[in-house]
1. In segment 132-151, is there at least one residue being closer than 30 Å to LYS59 by Cα, more than 15 Å from the ligand (Cβ to nearest atom) and either at pLDDT below 95 or out of contact with any strand residue (DSSP E or B) (no Cβ under 9 Å at 6 or more places or on another chain) (or both)?
2. Return only the number of the condition from (1) within 16 Å of the ligand (Cβ to nearest atom); (2) in the same structural domain as LYS59 (by TED's automatic domain parsing); (3) not charged (D, E, K, R) that ILE251 does not satisfy.
3. Kindly indicate whether ILE305 is in contact with a His (Cβ under 7 Å, 6 or more places away or on another chain), of a type outside the set (Asp, Glu), more than 15 Å from GLY221 (Cβ to Cβ) and within 16 Å of the ligand (Cβ to nearest atom).
4. Looking at (1) in contact with a Lys or Arg (Cβ under 6 Å, 6 or more places away or on another chain); (2) in the same structural domain as ILE144 (by TED's automatic domain parsing); (3) within 16 Å of the ligand (Cβ to nearest atom), can you tell me which one PRO183 breaks?
5. Among the residues of segment 134-165, what is the count of those that are touching a residue at least 40 places away in the same chain (Cβ under 8 Å), farther than 20 Å from GLY237 by Cβ and part of a helix (DSSP H, G or I)?
6. State the number of residues belonging to segment 95-127 that are surrounded by 16 or more Cβ atoms within 10 Å (Cβ to Cβ) and over 23 Å from the mean Cα position of the chain (by Cα).
7. Looking at this structure, is LEU113 in a helix (DSSP H, G or I) and modelled with pLDDT of 95 or more?
8. Quick one: would you say LEU206 is farther than 22 Å from ILE406 by Cβ and at pLDDT 90 or above?
Amino acid sequence: MVYLRRKILFFGNVINQLQQSIRWSSSLRTKDKNSVPQRFFKYADLSVRLAGPNQLNPKPDVNKLSFGKYFTDHMLKVHYYEGMNSWQAPEIMPFENIVLHPAAKVLHYAVELFEGMKAYRGVDGKIRLFRPELNMERMNNSAIRAGLPSFRGEELIKCICRLISIDQEWVPHSTASSLYIRPTLIGIDPTLGVATSDSALLYVILSPVGSYFKATDQQVGISLLADPRYTRAWPGGCGNAKLGSNYGPTIQVQQEAIEKGLQQVLWLYGENKELTEIGTMNIFVVYINNNGERELLTPPLNGLILPGVVRNSLLAISRQWNQYKVTERSITMKEIIQLNSDNRLLEIFGAGTACVVSPVSYIDFQGQELHIPTTEQPEAIYQMLKKRLLDIQYGIIPNHPWSLIIE
Ligand SMILES: *Cc1c(COP(=O)(O)O)cnc(C)c1O
């Protein structure tokens with residue numbers, strides 16, 4: 001009976017949504033698009049429809065969380081219709097499938113972008129976001145690059161906080177886990193032209209997650225495949241925006257790494273084989289520079305690099321500590337090989353919201369086996385940075401300016 005009722009509810013929703021999208025697309029044809037000024041959505045207009053008792057899902061065991069497999073009971077949606085007052089009122093509703101016209105632009109031309117943030121349950125029981133305004137800024141930059149509408153970041157943050165507070169029991173009671181937040185923006189115009197989408201859907205879903213890599217990888221480090229035949233981003237491209245179209249084509253290369261017994265791809269660029277990123281993490285290198293000092297290096301934001309929130313934070317922490325030199329410049333495989341053979345290469349690690357800070361122990365580069373001594377350093381910079389980051393995120397440093405506490 002419950003199953004049947006759910007089915008009926010589901011199909012009721014499907015019909016509603018299809019009717020709505022047909023209504024909008026036919027009214028667009030008759031209206032002058034420029035007659036109504038653009039309007040941003042506001043938290044004040046948010047409506048909330050809570051899941052009924054039989055729509056609530058059991059919470060998974062915190063020790064069995066993998067990445068992005070389970071989702072919470074509610075989601076947030078905001079529609080955009082060009083010319084029709086633009087952004088509509090945001091809505092929180094029970095988690096449900098979304099219904100799209102088969103011609104929807106997202107399905108043909110990958111008109112999609114996303115963000116990745118986390119909510120952390122601190123040691124004081126409070127739930128915190130980490131620098132969410134940076135994710136909003138980046139999401140708006142991605143939207144511009146994708147020809148999708150932008151919005152007021154602070155209004156989306158307030159909506160996300162409300163969504164998390166409704167699903168707060170889904171934020172794991174553990175400092176080894178967190179609630180991953182996936183804001184997504186898609187172009188849903190039901191037309192096949194390769195042109196800007198007049199309608200869009202912004203939605204946010206939440207997924208409790210454990211650590212991205214196994215605990216042992218944190219101790220022994222991860223292994224990388226560096227194959228210069230593949231490239232992730234190029235000048236003038238969109239590698240610096242979190243567009244879904246950047247990630248689909250990486251899956252096959254990642255699979256090649258797995259088949260070789262390696263864990264992630266080290267993305268190289270150009271003739272000089274510059275190191276750009278590790279999988280979906282920004283890359284950091286620690287080495288002894290020509291003056292004999294320890295130096296932390298990461299590639300500059302030159303269009304090939306995704307401007308990570310963690311990248312920005314590790315640079316800021318390092319500059320504030322002022323214990324080692326900090327540089328943003330490109331580094332090539334040739335230089336890495338030379339530094340490594342001179343025993344001046346100390347650490348390589350990846351950094352990002354999903355994987356936090358991940359030490360690298362091995363690189364396979366065109367048949368050369370490079371052993372990187374990251375996890376063998378006595379006072380490893382990656383360890384110090386990881387600890388500081390987690391201390392802020394889990395409230396061990398309780399009132400850090402980078403924390404937004406959800407009341
Ligand atoms: C998301 C992402 C990162 C990390 O960004 P954070 O904001 O630190 O999570 C790094 N590289 C790529 C390619 C990414 O997609």
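1. Looking only at segment 132-151, we keep the residues that are closer than 30 Å to LYS59 by Cα, and these are 132-136, 139.
Filter once more, keeping what is more than 15 Å from the ligand (Cβ to nearest atom): none.
No - not one qualifying residue is present in segment 132-151.
2. Single failed check for ILE251: (2).
3. Numbers: in contact with a His (Cβ under 7 Å, 6 or more places away or on another chain): no; of a type outside the set (Asp, Glu): yes; more than 15 Å from GLY221 (Cβ to Cβ): yes; within 16 Å of the ligand (Cβ to nearest atom): yes.
Judged against the criteria, ILE305 is not a match.
4. (1)
5. From segment 134-165, those touching a residue at least 40 places away in the same chain (Cβ under 8 Å) are 134-135, 138-139, 141-143, 145-149, 151-152, 155-165; that's our starting set.
The next check asks that each one be farther than 20 Å from GLY237 by Cβ; those that pass are 134-135, 149, 151-152, 155-165.
Remaining after also requiring part of a helix (DSSP H, G or I): 134-135, 155-165.
Looking only at that region, the number is 13.
6. Total meeting the criteria: 4.
7. Details: in a helix (DSSP H, G or I): no; modelled with pLDDT of 95 or more: yes.
The answer is no for LEU113.
8. On the way: farther than 22 Å from ILE406 by Cβ: no; at pLDDT 90 or above: yes.
It is false that LEU206 is farther than 22 Å from ILE406 by Cβ and at pLDDT 90 or above.
The values are calculated or read from the model by the stated rules, or taken from the named source; none is laboratory data. For clarity, every value in this text was computed on a predicted model and none was experimentally measured. Cβ: placed from backbone, ideal geometry, glycine included. Neighbour counts: every protein chain shown.
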